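Below: one structure, written as structure tokens.
The values are calculated or read from the model by the stated rules, or taken from the named source; none is laboratory data. For clarity, every value in this text was computed on a predicted model and none was experimentally measured. All Cβ positions, glycine included, derive from the backbone under ideal geometry; neighbour counts span all protein chains shown.
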Amino acid sequence: MPISVPGTSRDRGQTPISGFTLIELLVVLLVMGLFAGLVGALARPDERTLLRFEAERLAQLLDLAAEESRLTGKPIAWSADAAQYRFWRWSEAAGWSEAQDDSLRARSLRPGLSISDLRVEAMRTEGGLRLEFNPHGALAYDFRIALGAERYVVAGSPLGEVRIHVSP
């Protein structure tokens with residue numbers, strides 16, 4: 001007596017049909033499309049995300065420079081122009097020289113990113129964007145950092161805290 005599995009068509013002389021239905025294929029394509037869109041969005045962040053990342057990095061570097069100035073007892077300066085920003089160290093023998101170490105090295109600004117409107121102790125600065133961190137006290141300052149239509153303010157408080165917030 002032959003044993004057969006129910007639902008097979010060998011008994012009737014027909015070839016079995018295998019494959020996916022159209023709905024199954026559409027669901028798989030939809031899931032793959034959503035996944036590809038998500039990966040694309042994560043790989044190419046928007047202007048707000050890029051700007052926030054740059055503002056947070058700059059705030060941490062300014063905090064590091066102020067802390068290093070207090071710990072070493074020597075002034076450290078930060079300056080910015082249209083293309084990059086730099087940190088400077090003071091020495092009695094050579095005066096101001098550009099910092100060469102990894103943490104406070106010069107960094108280029110992303111295309112379209114700008115730094116402007118520096119105010120120190122609530123007063124606009126003259127002669128460019130430059131901050132000097134004194135080893136004997138904290139400095140109150142703020143400036144705008146912008147990319148496209150997005151804007152943030154990086155602000156240092158007299159207590160030595162550096163924060164970022166959305167620009168009004």
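Values as computed for the structure displayed
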quantity: Selection within the range 105-122 - loosely packed, with under 11 Cβ neighbours inside 10 Å and hydrophobic (A, V, I, L, M, F, W, C); calculated: Ala122
quantity: Scan of the range 69-82 for residues that are more than 15 Å from Gly137 (Cβ to Cβ) and of a type in the set (D, E, K, R), ordered by number; calculated: Asp81
quantity: Test: residue in the range 61-76 that is exposed (fewer than 12 other Cβ atoms within 10 Å of the Cβ), of a type in the set (Asp, Glu) and in contact (Cβ under 8 Å) with a residue 12 or more places away in the chain; calculated: no
quantity: Selection within the range 104-121 - in a loop (DSSP other than H, G, I, E, B) and either at pLDDT 90 or above or more than 22 Å from Arg70 (Cβ to Cβ) (or both); calculated: Leu104, Arg105, Ala106, Leu109, Arg110, Pro111, Gly112
quantity: Long-range neighbours under 7 Å by Cβ, at least six apart or interchain, first residue under 24 Å from Arg110 (Cα atoms) and at pLDDT 90 or above within the range 80-96, second surrounded by 12 or more Cβ atoms within 10 Å (Cβ to Cβ) and of a type in the set (D, E, K, R); calculated: Gln84/Arg107; Tyr85/Arg107; Arg86/Glu98; Trp88/Glu98
